[in-house]
1. Could we say that VAL67 is farther than 27 Å from GLY9 by Cβ, under 15 Å from the mean Cα position of the chain (by Cα) and either of a type in the set (A, V, I, L, M, F, W, C) or surrounded by 15 or more Cβ atoms within 10 Å (Cβ to Cβ) (or both) here?
2. Can you tell me which residues in the range 14-34 are closer than 16 Å to SER51 by Cβ, open to solvent by less than 30 Å² (accessible area, probe 1.4 Å) and assigned to a loop (DSSP other than H, G, I, E, B)?
3. Kindly provide the set of residues from the range 200-212 that are open to solvent by 40 Å² or more (accessible area, probe 1.4 Å) and out of contact with any Ser or Thr (no Cβ under 8 Å at 6 or more places or on another chain), ordered by number.
4. From (1) open to solvent by 60 Å² or more (accessible area, probe 1.4 Å); (2) aromatic (Phe, Trp, Tyr); (3) touching a Leu at 6+ places or on another chain (Cβ under 9 Å), pick out the condition that doesn't hold for PHE82.
5. Among the residues of the range 151-180, write down those that are among the hydrophobic types (A, V, I, L, M, F, W, C), within 16 Å of LEU195 (Cα to Cα) and either in a helix (DSSP H, G or I) or open to solvent by 10 Å² or more (accessible area, probe 1.4 Å) (or both).
6. Quick test for you: out of ALA217, ALA148, ALA194, pick the one residue that is under 26 Å from PHE3 (Cα atoms) and either in contact with a strand residue (DSSP E or B) (Cβ under 7 Å, 6 or more places away or on another chain) or open to solvent by less than 20 Å² (accessible area, probe 1.4 Å) (or both).
7. Starting from the range 202-220, take each residue that is under 30 Å from PRO18 (Cβ atoms) and modelled with pLDDT of 95 or more and list its partners that are assigned to a loop (DSSP other than H, G, I, E, B) and small (Gly, Ala, Ser), counting only C-beta distances under 9 angstrom and pairs at least six apart or across chains.
8. Does the range 97-108 contain any residue that is among the aromatic types (Phe, Trp, Tyr) and in contact (Cβ under 8 Å) with a residue 24 or more places away in the chain?
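The values are calculated or read from the model by the stated rules, or taken from the named source; none is laboratory data. These numbers were taken from a predicted model, which means no experiment stands behind them. FYI the Cβ positions are ideal-geometry reconstructions off the backbone, even for glycines, and counts take in every protein chain you see. Remember, those area values only see protein heavy atoms, side chains included, never the ligands or the DNA or RNA. Shrake-Rupley method; radii C 1.70, N 1.55, O 1.52, S 1.80 Å.
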Amino acid sequence: MQFDDVILGRRSIRGYKPDPVPKALIAEIIGLAMRAPSSMNTQPWNFYVISGEPLDRIRAGNTERMVAGIPQSREFRTGQAFAGKHRDRQVGVAKQLFAAMGIERDNKDKRQDWVLRGFRQFDAPVCVIITYDRVLDGSDDTPFDCGAVATALVNAAWSRGLGAVINSQGIMQSPVVREHAGIADDQIIMKSIALGWPDETFPANAVVSERKSVEEATVFVGFDK
């Protein structure tokens, strides 16, 4: 694919085929992603790539604990709930997804099932967990750098025919993730990425989230009109 094709064509994938993804292909994608810029070349990121039975155990433990009401234990700061226009955008994409999936507003069972899909990493065959070195905890640059490598990873995956969705649902219960992924104590769990071959029959995969315009987002200073 051309660069523009990747950027303009990529979308978040929430429904996957069960087909396995070759380890060599994932390594190739991660290698491309690691060309992302980082502050003063610190490269704070590390990757735990999970599939098979370990991923199934994470899905089960994550879901069971959340359903049981055990408080989430994400390790990277969560911040405040979205409000105003940011909340509007969050609600907007949810409406797009629910419409695509035929989930009505008052259908609590289908809404709950949708939430549980997130806790199961959307049933993707692969989960990539991005961590950063604990010695960098509190750095302003580190989360920015990890965001850059996550973006590069999902774009690289798309260029190879794979789909992905960056999420936090799959790492809500960090003790479960740490146990079954074997994550070292010197790492902070930041984000997870569901990865696999897109199921083109899954309705939500056709959803393209709305973007604000360049005019809304950009202030040009010092340019001729």
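1. So VAL67 fails the test.
2. Scanning the range 14-34 gives a single hit, VAL21.
3. Scanning the range 200-212 gives GLU200, THR201, PRO203, ALA206, VAL208, GLU210, ARG211, LYS212.
4. Here PHE82 clears every test but (3).
5. ALA152, LEU153, VAL154, ALA156, ALA157, TRP158, ILE166, ILE171 - these are the residues of the range 151-180 that are among the hydrophobic types (A, V, I, L, M, F, W, C), within 16 Å of LEU195 (Cα to Cα) and either in a helix (DSSP H, G or I) or open to solvent by 10 Å² or more (accessible area, probe 1.4 Å) (or both).
6. Result of the check over ALA217, ALA148, ALA194: ALA194.
7. Final answer for the pair search is PHE202/GLY15; PRO203/GLY15; PRO203/GLY102; ALA204/GLY15; ASN205/GLY15.
8. Scanning the range 97-108 turns up no residue that is among the aromatic types (Phe, Trp, Tyr) and in contact (Cβ under 8 Å) with a residue 24 or more places away in the chain.
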